[in-house]
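What follows is one structure encoded as structure tokens, with my remarks underneath.
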Amino acid sequence: MFRKFLNISLVIALALSAALAQQSALAPSVERLRAHINYLASDKLEGRRTGSEGANLAAEYIAKEFSRYGLQRSIGWDTLGMSILEADSPNRYLQKFPYVAGVELGKGNSLSFRFKDQTNGTELRVGQDWMPLGSSSNGQVESSAAVFVGFGITASELRYDDYSTVDARGKIAFAFAGTPDGDNPHGQFARYEDPRWKAIAAKNAGARGLVLISQQKHFADEPLSRLQYNNSGGEAGLPVAIISSSTILGESDLSVKLGLVKHGLMPVVTFTSPVTLSVNITRREVEASNVVGIVNGFDPVLKNEFIVIGAHYDHLGRGGEGSLAPREGDIHHGADDNASGVAGLLELARIFASSESPRPRRTIVFIAFSGEEEGLLGSSYYVNHPLRPLENTVAMINMDMIGRMKNNKLIVGGVGTAEGWRDVIAISNLQSKPIAVAELANPARTPGKVTLVIGANGQLSSAIIHTQGFDLTLNEDGYGPSDHSSFYAKKVPVLFIWTGTHEDYHKPSDTADKINYEDEAHILSFVARIMRSIDANDARPVYTVAKSESQGRTMGFRVFLGTIPNYADSGDGLLLDGVRDDSPAAKAGIKAGDRIVKLAGRDVHNVYDYTYALGELKAGQEYEVELLRNGERMKLKVTPATRK
Ligand SMILES: [Zn+2]
């Protein structure tokens, strides 16, 4: 027995110290978690849409908590010359980044045309009869004749092309919104429904403008009429608008016309010249912020290494893009997604900043991200504008949706991103509780590993029993649909903690009363043990290339290049955050930081153009890719692989 104790490794001793910490007042508190989530997911914060008042209130709340716990402010950390007032401001927890909160109509939006049997042209009322799309480019286009192009879809892999029988060059194309599949979200055309794709198809066919015809009976019910802007997309590249069906089809039966189009009978609308479309929309830029607080390490050397722990605080507001609610307008509370992660972040910040808990040797950077739901905007901004050096950031742990634990099941992603991650996880997953020394002789009472504690007098003083904690599912990949992806793309080892998806995901019904607070507290103890375990090791985690389970955010394509786009970038072309090792892109010599401007002969202005071009590639065939690297233009050859 005694000998066994001598062989116990450092890691078990760590679990022991964590076990003792767990019993102190510094354990994650269910009451505190409840209070944080109740506030963040309340109606008052209106779903915390990035750039909204609700999101700002959430940021303010997080900053105030950081301040109460005594976290160091992250902005202006060399505070020379700063007044006491400035130095103390909660604003110094906020890392601001630019964000387009919405688009508004400028002056001079007009659409006019003349039907065949009309003598006077029809001047349409913007807002009532038609509306520019939020992604539309500004400009005025005039077309000698309009051309009707069915659904405006070109899908080479489906051998379907609405432009094959018409000449759209130099003209304004009219097409029905939607797809030949109707409302079927799993139909073969589903991914071509996005107006961004239709705009690219129109551009490729030489059209100068695109007008989509609503399938809604009432224009007010048309989602595309709401002038919404998508921060991860950029501009469409030509003027694009949506028009009401009654305006263009009169009182004729919409379903009959749609039926004709679905059977390949075109055109259904005939105009005489000219058609003019003029779009002028202004983008409303506001500030969005990450909230960043610091707990300094005490080791004179290791304090210059950083462990980032993050959770996004933004959510979907009242719906819109990303929502799975049947209708728009209701508050999406986002209690699990991701008030749960933020509450966890705050609890860990409180615990690690407390003078009663052992101080970490390394510096811990606590970040509440914004802009996650719209394409990892906040974390992407952070890794490109890090507040502590990224090369000394040894690990990033992300908590996104940790409030719905069921049957003790927990998912940990990113275990393939550093050597030894699996061991760290396994050790941290041991649940520890004290056991009476007298019970040690009874094997039925000691099912797990046992740590014996020897008192100063050399006698056995107490014992701790360790049993398996959570039922873990481990995923290798460091890429995934949340903020850890941004860090992994910069070669930082990551871990992603979540309790899985559920029926309230991205719906207004994701509310605070459904959170499993007790288990969330246990999860946080587990995360704290992981953090202590990383910090206990003198050597930093060694980054490794993880096996990928999903192949990035491709959209169901047959081919795979292995590029990781930066979804937050708004410059021309497609900026790459990373390239998967051993992928076709890596073999071609494409690198992180490259900006792709052309693929297989197609111009690439944004992520949509790129994905569109990708959809036309065939595996095993060589294509040319043109890119900008350090201001220099270069051409490489890439051969796409088949998706597994
Ligand atoms: Zn989400």
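The values are calculated or read from the model by the stated rules, or taken from the named source; none is laboratory data. Source: prediction; values computed, not measured. In this analysis, Cβ positions are derived from the backbone assuming ideal geometry, glycine residues included, and neighbour counts consider all displayed protein chains. Quick note on the areas: whole protein, heavy atoms, side chains included, nothing else; ligands and nucleic acids left out. Shrake-Rupley method; radii C 1.70, N 1.55, O 1.52, S 1.80 Å.
Show me the strands (runs of 3 or more DSSP E) found entirely inside segment 370-480 where at least 2 residues are more than 16 Å from the ligand (Cβ to nearest atom) and open to solvent by less than 50 Å² (accessible area, probe 1.4 Å).
Fully inside segment 370-480 and qualifying: 393-399, 409-413, 430-435, 449-454, 460-468.
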Sort out for me the helices (runs of 4 or more DSSP H) sitting completely within segment 1-101 that have 2 or more residues that are within 27 Å of Asn296 (Cα to Cα), of a type outside the set (Phe, Trp, Tyr) and modelled with pLDDT under 80. 10-23, 84-87
Just to check your reading of the model, which residue among Asp161, Asp221, Asp167 is free of Cβ contacts under 8 Å to residues at least 12 places away in the same chain and over 30 Å from the mean Cα position of the chain (by Cα)? Asp161
Using the structure shown, decide if Ile367 is outside any helix (DSSP H, G or I), modelled with pLDDT of 95 or more, under 23 Å from Tyr488 (Cα atoms) and in contact with a helix residue (DSSP H, G or I) (Cβ under 8 Å, 6 or more places away or on another chain). yes
Being assigned to a helix (DSSP H, G or I) and touching a Lys or Arg at 6+ places or on another chain (Cβ under 8 Å) is the filter; apply it to segment 498-514 and report the residue that is least open to solvent (accessible area, probe 1.4 Å). Ala512
Hey, Val286 closer than 30 Å to Arg532 by Cα and either in a loop (DSSP other than H, G, I, E, B) or modelled with pLDDT of 70 or more (or both) or not: no
Screening Val275, Val279 for residues that are closer than 23 Å to Gly127 by Cβ and at pLDDT 90 or above leaves only Val279
Given the criterion in a helix (DSSP H, G or I) and farther than 16 Å from Pro640 by Cβ, identify the matching residue among Asp572, Asp581, Asp609. Asp609
Going through segment 344-363 one residue at a time, which ones are part of a helix (DSSP H, G or I) and more than 16 Å from the ligand (Cβ to nearest atom)? Leu346, Glu347, Leu348, Ala349, Arg350, Ile351, Phe352, Ala353
Of the conditions (1) open to solvent by less than 40 Å² (accessible area, probe 1.4 Å); (2) outside any loop (DSSP other than H, G, I, E, B), Leu617 clears all except one; give me its number. (2)
Give me the residue from segment 483-514 that is of a type in the set (S, T, N, Q) and farther than 23 Å from Glu391 by Cβ and, out of that set, modelled with the lowest pLDDT. Thr501
Being surrounded by 24 or more Cβ atoms within 10 Å (Cβ to Cβ) and of a type in the set (S, T, N, Q) is the filter; apply it to segment 304-343 and report the residue that is nearest to the ligand (Cβ to nearest atom). Asn338
